[in-house]
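The next block holds one structure in the form of structure tokens; read it before the comments.
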Amino acid sequence: MTQIEARTKIRAFLGKFIPEQDFADGDEIFALGLVNSLMAMQLVLFLEKDFAVKFANQDLTLKNFGSVDAMTDLLVRRGVIGAD
Amino acid sequence: MTLQDYLGVSVAPCAEAWDREERVPRRVLTELAGLGVLGAHISAAQGGRGRPATEWGEMLEAVGAESMSLLSILTVHAMCSFAVARWGDAATQEEYLADFVSGRKIGGFALTEPAVGSDAKAVATRFVDAGENWSVSGCKKWISAAELVDVFLVFGQTEDGPTALLVPRLTRGLSVVPISGSLGFRAARTCEVKFDHVLVPKRWTIGPQGQGFGWVASSALDVGRFCIACGSTGLIRACIRASSAYARDRRQFGVPLGEHQLIQAMLAEMTTDYKAARALWRAAAKEREDLQPGSIVETTTAKYFASTASSRASNHAVQIHGANGCGPDFPVQRYFRDARVTEIIEGSNQMQQLMIARDALAAFAPKRGK
């Protein structure tokens, strides 16, 4: 999977919860209050399932899940998607 | 022996006495472990029984139909053991998981404090750096079955923020003070748990330091809500069981109570509630088996519905039993007291409403035309 495909997938998932706003890939979704704290667990479940990855404890910081950019970077670091 | 047989022989006849004595015998947990209940939610790869959520839910519903106090002990044990299985490091899992599955150790959950309830990330308990240890100081309140629990999952503040830590009950500086006379769940007697400079190895930290609320508490509460959803559904079943027997055997105005249409109306409502609650937890279980992100909201919905429906059903059950429903000779007054508690624990129903509504605002609102 390419980074662009991964971003599209993550945006589509978030789009179900942030329907009315435009959000940029760099926007901090938690800090901006676009989603609530429950979303953190939902994002872990989503990424682990759709990208067939199991995150280690050190991966699980809100920073790593705070934006489309951060999640894409995390997936690159975990070797799930290419670095392009 | 099947779980159903065990519950019929060893739980149903004792549940009233446990409620009065405010305790469940420790051996019951060991025996339930032998029947695969305590490790059902832990994967086989981690040494658990690895049962699908649907099957685990059936076990929890069956227990809830006999004793919600016992169900509540299973709930906190599941929350603590799940957290270790999901977030603990390999050495901690090695140290604890087998004992959680076999029932040699019972896990507890220590989040709530005298001044901190729903706003859980504001906990005041402190984890102070003491070299290889954390020094834990603070007070937890309303901690289920704390006299029986072997190890608590405790939430406190480090310099980095809320953090989760496993603390064995028998540790110097930890004291447990029971709270008698609660409304419901009496046999899972809640306690105050006080920590006075309790030294706990840092390696028992569960999950990322400073992220104990967003990840560890949230996911453990999700497990807890699933348990309460299934257990409350069992409680509705118990209300129907007691009320239909009573309505068949008791005669007024020359006919059995069950011939009176106003009694029938209550039984119809209770039965519909039971079927709906069951459908909701099973839908949540299916999502959990498929590891769907939507499982969290499905579970919340199931907990919200089953808990409020169990209150309605137990209210009807007392009404159908009349004065007998208020007395000590029928179990429905216990059902009534226990049902009320389900609307508060593992997140008050107001908190559940917030989650369900936020999801609805995103999921159901029609998309605006571009």
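Throughout, read-outs are computed from the coordinates displayed, never taken from laboratory work. Since the structure is predicted, the reported quantities are computational estimates derived from the model, not experimental observations. Here the Cβ is made from the backbone with ideal geometry for all residues, glycine too, and neighbour counts use every protein chain on show.
Give me the percent relative contact order of chain B, please, defined on Cα pairs under 8 angstrom at least 6 residues apart. For chain B, the relative contact order is 17 percent. Between the C-alpha center of segment B:140-198 and that of segment B:1-51 there is a gap of 22 Å. Normalising the average separation of contacting C-alpha pairs (under 8 angstrom, six or more residues apart) by the number of residues puts the relative contact order of segment B:67-212 at 27 percent. Here residue A:16 is the anchor, and the lysines within straight C-alpha reach of less than 22 Å, apart from those fewer than 8 places off in the same chain, are A:49, A:63, B:286, B:367, B:370. The charge dipole of segment B:83-223, taken about the Cα centre with unit charges on the Cβ atoms of Lys, Arg (+1) and Asp, Glu (-1), comes to about 400 debye, rounded to the nearest 20.
Evaluated at q = 0.06 Å⁻¹, the base-10 log of the normalised Debye intensity for chain B, with identical point scatterers placed on the Cα atoms, takes the values -0.23. How far, in degrees from 0 to 90, does helix A:3-15 lean away from the longest principal axis of the Cα atoms of chain A, to the nearest 10? That works out to roughly 30 degrees. Converting phi to 3J(HN,Hα) with the Karplus coefficients 6.51, -1.76 and 1.60 and the offset θ = phi - 60°, segment B:124-140 yields 9, 4, 10, 10, 9, 4, 9, x, 7, 10, 9, 9, 9, 9, x, 9, 9 Hz in sequence order, with x at every glycine or proline.
For chain B, modelled as a GNM with alpha-carbon contacts under 10 angstrom, which of B:120, B:323, B:229 fluctuates the most? Looking only at B:120, B:323, B:229, the largest GNM fluctuation is found for B:323. When chain B is treated as a GNM with alpha-carbon contacts under 10 Å, the residue of B:20, B:282, B:334 showing the greatest mean-square fluctuation is B:20. Cβ crowding within 10 Å, taken as a proxy for footprinting-reagent exposure, orders B:203, B:288 from fewest neighbours to most as B:203, B:288. For the residues of B:345-358, the average number of beta carbons from a partner chain within 10 Å of their own beta carbon is 1. Mean-square fluctuations from a GNM of chain B, with a 10 angstrom spring cutoff on Cα atoms, peak among B:205, B:299, B:171 at B:171. Convert 37 °C to kelvin, take the viscosity as 0.692 mPa s, use the Kirkwood radius over C-alpha pairs of segment B:3-106 as Rh, and evaluate the Stokes-Einstein diffusion coefficient in µm²/s, rounded to a whole number. Diffusion coefficient, whole number: 236 µm²/s.
With a 10 Å cut-off around each Cβ of A:39-47, the average count of Cβ atoms from other chains is 6. Sorting B:304-312, A:5-13, B:107-115 by average packing, meaning the other beta carbons within 10 Å per residue, from highest down gives B:304-312, B:107-115, A:5-13.
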